[in-house]
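Asks: Dropping the structure in here first, questions after.
The values are calculated or read from the model by the stated rules, or taken from the named source; none is laboratory data. This one's a predicted model, so the numbers in the text were calculated from it and none came from an experiment. Note that we place each Cβ from the backbone using ideal geometry, even for glycine, and neighbour counts take in every protein chain shown. When the accessible area is computed, the model is the full protein with side chains, heavy atoms only, and any ligands, DNA or RNA have been set aside. Shrake-Rupley method; radii C 1.70, N 1.55, O 1.52, S 1.80 Å.
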Amino acid sequence: MNADPIDARAAKLAEIIEWYTAHSASVVSESDTRLKMIDRILREALGWEIENTQTEEDAGEGRLDYRYTVGCGTRAVVEAKRTTVNFEIPSHRSGQAFLLNGPVFGVNARYAIKQVVTYCAFKSAELACCTNGNQWIIFRGNRLGDGRDVLEGKGYIFASLPDVQGAFSLFHDLLSRESLTSLRFRGVLQQAEGVKLRNIGFARSIRTQDTRRLLPRDAFAIDFEMVMSSFFQRLKGETDADMIGACFVVSDESERAESRITRIADDLVHKVRELNTDTGRELANLISQVQQLHKNRFVLLVGTKGAGKSTFIDRFFAHVLPKNILDGLVLIRADLLHCDGNIAHLHNWLNSTLLSACENSVYGTEGPDWNETIGAMFWKEYKRWKTTTKKVLYEQNKPKFDIQFGDYVEECRKLDPHDYIKRLLGNVVRSRKKVPCLILDNTDHHSIEFQEAVFQYARSLYEAELCMVIMPITDRTSWQLSKQGVLQSFESEVLHLPVPEAYRVVERRIHYLSEKISEAKSKQNASYFIGRNIRLDVNDIEKFAHALNRIFVESQATSEWIGALVNYDVRRLLELVKNIVSSPHLTIDRLFAAHTLNDADVIAPWRIKQAIIKGGYDIYPSGEHQFVQNCFQLIEDPPTSPLLCLRILQFLRDVPPANEGEVAAFVPISEVYEYFAAMGFESRSITQSIERMLAAGLVLNYDPSVSTVEKLTKIEISPSGRIHLLWGTTDEDYIKTMAQVTAIRDENTFQLIYGYARNMAQNWANVLVSFVDYLQAEDRNWCNIPTHKHYSGQGKLLNRLNRVAEDAKRTADARGGFTRFSSKYTEPRNHGSPATKSE
């Protein structure tokens, strides 16, 4: 379909009119009208989608005919009448708008209008339409709280289908799917009612992205970037196994988890090693005993995404677990990160992955030999064939018997891999006297339902054979399983891994780097660094390491910023640290000065923020930053208040903790819509804002795998969202940086700020104050704050912005650099009611 489908739809309307002209006699009842005319016009000529169209729904004491939804809400209601119900619309008035309580509308039309207005009230729909298939009346059936009587509004009339065809562009602008989605109809109807509409065509930023420049870097920047790549980019230390153990942030909880898993493994390994497996009686007794005593051999590692659960597992088996215990285990690992996340495919994926992993761990690439397969895994079946069903073949032609039995085993492996895996696990214990240890890693990268399905699959193996299972899950999944009673009915060991503090993650990396520097200096051999393509002098690397320590470890504010911006995800944290140090806003000479002068303040906090926000550019790179978002322009369509995203974050931050036993600080998505609808915000603006904040990590859904508003249940403000709320309402560095790249919709304000920004170094306070004035005035054009205690936080948000502007004035005054000015945009202008703005 073309970007603008109006021509194709006009042709469809012509076909419908041609058909009706030839078959009008067959259109008698209201059902005929709907089936043969209205249904076709709505779908073929206006683009209404079936999945967004509901019919015959209760609305008060009546039943509406059509309801069209956009997102989570109703946008339009259509009342259908049979063709014989004449609205008495004068033909020469077609394509014009008239007062709904005026003389143009006759008795039948007035009755239909009042009827559909009632339905709009029950469904909270804005647009209303009455039609008999031939005649059409389109108007706003709900004024969205602007205080005006619905019947005092105006509605467009079309006296016949040929009149619709003659003014199809207007008809399409009023009732098409695109108009309902974008709210174009509102502007058309408001203009007909004489509302002075805002000109939102103007939108310019002081600096556009095509004018941004990459800043020059120091001569040694690339060399030091190699240091950062080697020590701060890799999380698992793929090329340096020692890094796994040395850089893991040990906590009381992680040590407790290590101790508990070690005891569990030691207990099982010790028991299995002492088994007499000749008869299998002792093994059966052990399995029975373990099941009866509910020994905790199923370990759930609980922590938020990015808390380092996978790194904990790697480090535990590589560096912590004693070798004598490790030798008694067979590690069988499945990385769920490689699964597509489709629950329907999960069982088959796990069967295939674990079967391959199990065979490789137990037998290597060659697989089990014939005697082990028959003697341990399929002996009962082999014996039954030998003595009963295939006895004759066994006695007369044993080679052929063995070939057929081998085919049977292969068929079992292919058709029932789950059972085959159980046999393999049992064989590890019976034949090799070792304990299978299943590790189902990275399940927390998928939905809660997916993690629960993995949990149930693991249980099926755990309950069938003697084995140990380690499965990392998120804290939300743990809470969900507990709520459903799964954990209560199934014995498991739940071990919690807290998110390490940001400064401790960086500190461990710096400490590891310092150890390698000391080794190189003591041995007078820099081969370790040369092997990593680091050609710098060891003394310079040492200065660099000390500078990093002062900036990221000894500076509490910096560590708090970077930890929150990545939502305490260790992988992303290391990436952000690397980006900051590589930024030209932090030059190498300043890093060395921080070490030489023994003062981290040599690098001012504002420079660190510039490095965080701008990266390698001279302005903020809009749309490309992984960690920092422009909260004043998170969405561009539909136009809305530049403070909407900050207002949503403020609302989520103000939510009190939930009751004990429930997830704290999560808010049902419906409450978010209700809260901001009361301020006059459109649902589409709210939807787009939440989707962008969800994608950027400013808000978190209860189920972390959900990325669309339609599937959201509850949301909360994230640590990154809290930092953005703080910076967006209190931080002059962030605000003045975003003032340069935010599209300004008022031409006078744009010219004012543009003039100041020509000499940003001198006029920064003027830029900041003018921009804050603009933000607040523009915000007033889109919303009203109810005078209720639940909205007090929204007022405090504005107060914080005012304080930023006042502080900037005082600072500039003290330096003699603030110019008194009068912005034409500091007072709200009359653009109609904030709740009835045109899109």
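Asks: Taking the stretch 436-457 only, how many residues are surrounded by 22 or more Cβ atoms within 10 Å (Cβ to Cβ) and of a type in the set (Phe, Trp, Tyr)?
Replies: Residues flagged as surrounded by 22 or more Cβ atoms within 10 Å (Cβ to Cβ) and of a type in the set (Phe, Trp, Tyr) within the stretch 436-457 amount to 1.
Asks: When the stretch 349-391 is examined, which residues are found to be among the β-branched types (Val, Ile, Thr) and either in contact with a Leu (Cβ under 8 Å, 6 or more places away or on another chain) or open to solvent by 90 Å² or more (accessible area, probe 1.4 Å) (or both)?
Replies: So in the stretch 349-391, the residues among the β-branched types (Val, Ile, Thr) come out as 353, 362, 365, 373-374, 387-389.
Result: Val362, Thr365, Thr389.
Asks: Continuing with this model, one more query. Listed residues Phe171, Phe202, Phe232, Phe248; which is open to solvent by less than 20 Å² (accessible area, probe 1.4 Å) and either within 30 Å of Trp379 (Cα to Cα) or at pLDDT 65 or above (or both)?
Replies: Just a single option satisfies the conditions, and that option is Phe171.
Asks: With Ser514, Ser460 as the choices, which residue is open to solvent by 10 Å² or more (accessible area, probe 1.4 Å), assigned by the TED database to the domain that holds Val330, under 27 Å from Phe312 (Cα atoms) and modelled with pLDDT of 75 or more?
Replies: On the way: Ser514 fails: assigned by the TED database to the domain that holds Val330.
Every option except Ser460 fails the conditions.
Asks: Same structure, new question: Taking the residues in the stretch 72-84 that are surrounded by fewer than 20 Cβ atoms within 10 Å (Cβ to Cβ) and touching a Phe, Trp or Tyr at 6+ places or on another chain (Cβ under 9 Å) as candidates, determine which candidate is nearest to Val116 (Cα to Cα). Don't jump to the end; show me each part of the working.
Replies: Step one: of the stretch 72-84, the residues surrounded by fewer than 20 Cβ atoms within 10 Å (Cβ to Cβ) are 72-73, 82, 84.
Narrowing further to those that are touching a Phe, Trp or Tyr at 6+ places or on another chain (Cβ under 9 Å): 72-73.
Working: Cys72: 21, Gly73: 17 Å.
Once the filter is applied, the top-ranked residue is Gly73.
Asks: Just give me the residues in the stretch 545-580 being β-branched (Val, Ile, Thr), within 18 Å of Gln610 (Cβ to Cβ) and open to solvent by 10 Å² or more (accessible area, probe 1.4 Å), in sequence order.
Replies: none
Asks: Filter the stretch 142-163 down to the residues that are touching a Ser or Thr at 6+ places or on another chain (Cβ under 9 Å) and more than 17 Å from His92 (Cβ to Cβ) and list them by number.
Replies: Asn142, Arg143, Leu144, Gly145, Asp146, Gly147, Arg148
Asks: Would you mind finding the one in Gly615, Gly623 that is open to solvent by less than 30 Å² (accessible area, probe 1.4 Å), at pLDDT 80 or above and of a type outside the set (S, T, N, Q)?
Replies: Working: Gly623 fails: open to solvent by less than 30 Å² (accessible area, probe 1.4 Å).
Exactly one residue qualifies, and that residue is Gly615.
Asks: Only residues that are surrounded by fewer than 19 Cβ atoms within 10 Å (Cβ to Cβ) and within 45 Å of the chain's Cα centre (by Cα): list them for the stretch 16-35, please.
Replies: Within the stretch 16-35, Ser31, Leu35 meet the criteria.
Asks: Moving to a separate point now. Among the residues that make up the stretch 747-769, is at least one of them within 23 Å of Met679 (Cα to Cα) and open to solvent by less than 70 Å² (accessible area, probe 1.4 Å)? First the steps, then the outcome.
Replies: Applying the first criterion (within 23 Å of Met679 (Cα to Cα)) to the stretch 747-769 yields none.
No, because not a single residue in the stretch 747-769 is within 23 Å of Met679 (Cα to Cα) and open to solvent by less than 70 Å² (accessible area, probe 1.4 Å).
Table: residues versus (1) of a type in the set (Phe, Trp, Tyr); (2) in the same structural domain as Thr69 (by the TED database); (3) more than 30 Å from Gly303 (Cβ to Cβ); (4) out of contact with any Lys or Arg (no Cβ under 9 Å at 6 or more places or on another chain).
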site	(1), (2), (3), (4)
Ile686	no, no, yes, yes
Ile690	no, no, no, yes
Leu694	no, no, no, yes
Glu710	no, no, no, yes
Ser718	no, no, no, yes
Trp727	yes, no, no, no
Ile735	no, no, yes, yes
Glu747	no, no, yes, no
Ala757	no, no, yes, no
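Asks: Do you know which residues across the stretch 405-435 are of a type in the set (Ser, Thr, Tyr) and either in contact with a Ser or Thr (Cβ under 9 Å, 6 or more places away or on another chain) or open to solvent by 20 Å² or more (accessible area, probe 1.4 Å) (or both)? I'd like the intermediate steps shown before the answer.
Replies: Let us first name the residues in the stretch 405-435 that are of a type in the set (Ser, Thr, Tyr), namely 408, 420, 431.
Correct list: Tyr408, Ser431.
Asks: Pick from the stretch 380-435 the residues that are outside any helix (DSSP H, G or I) and in contact (Cβ under 8 Å) with a residue 12 or more places away in the chain: which of them is nearest to Ser460 (Cα to Cα)? Talk me through it step by step, then tell me what you get.
Replies: To start, the set of residues in the stretch 380-435 that are outside any helix (DSSP H, G or I) comprises 390, 397, 416, 433-435.
Now restrict to residues that are in contact (Cβ under 8 Å) with a residue 12 or more places away in the chain: 390, 433-435.
Details: Lys390: 32, Lys433: 22, Lys434: 20, Val435: 17 Å.
The qualifying residue nearest to Ser460 (Cα to Cα) is Val435.
Here is a yes/no grid of residues against (1) outside the structural domain of Val188 (by the TED database); (2) free of Cβ contacts under 8 Å to residues at least 60 places away in the same chain; (3) under 16 Å from Ile138 (Cβ atoms); (4) acidic (Asp, Glu):
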{"site": "Ile17", "(1), (2), (3), (4)": "no, no, no, no"}
{"site": "Ser24", "(1), (2), (3), (4)": "no, yes, no, no"}
{"site": "Val85", "(1), (2), (3), (4)": "no, yes, no, no"}
{"site": "Ile89", "(1), (2), (3), (4)": "no, no, yes, no"}
{"site": "Ala109", "(1), (2), (3), (4)": "no, yes, yes, no"}
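Asks: On to the next question. What number goes with the only condition from (1) more than 29 Å from Leu337 (Cα to Cα); (2) crowded, with 19+ Cβ neighbours inside 10 Å; (3) modelled with pLDDT under 85; (4) under 21 Å from the mean Cα position of the chain (by Cα) that Glu682 does not pass?
Replies: Against the list (1) more than 29 Å from Leu337 (Cα to Cα); (2) crowded, with 19+ Cβ neighbours inside 10 Å; (3) modelled with pLDDT under 85; (4) under 21 Å from the mean Cα position of the chain (by Cα), Glu682 comes up short only on (4).
Asks: Right, here's the next one. Scan the stretch 790-839 residue by residue and report those that are in a helix (DSSP H, G or I), of a type outside the set (A, V, I, L, M, F, W, C) and modelled with pLDDT under 90.
Replies: Initial filter on the stretch 790-839 (in a helix (DSSP H, G or I)): 790-814, 834-836.
Remaining after also requiring of a type outside the set (A, V, I, L, M, F, W, C): 790-796, 799-800, 802-803, 806-807, 809-811, 813, 834, 836.
Listed by number, the residues that qualify are Lys809, Arg810, Thr811, Asp813, Pro834, Thr836.
Asks: List the number of the failed condition for Glu660; all other conditions in (1) in a loop (DSSP other than H, G, I, E, B); (2) at pLDDT 85 or above hold.
Replies: Looking at each condition in turn, Glu660 falls short on (2).
Asks: Considering the stretch 611-636 alone, what residues qualify as being free of Cβ contacts under 8 Å to residues at least 60 places away in the same chain and of a type outside the set (A, V, I, L, M)?
Replies: From the stretch 611-636, those free of Cβ contacts under 8 Å to residues at least 60 places away in the same chain are 611-612, 615, 624-626, 635; that's our starting set.
Gly615, Glu624, His625, Gln626, listed by residue number.
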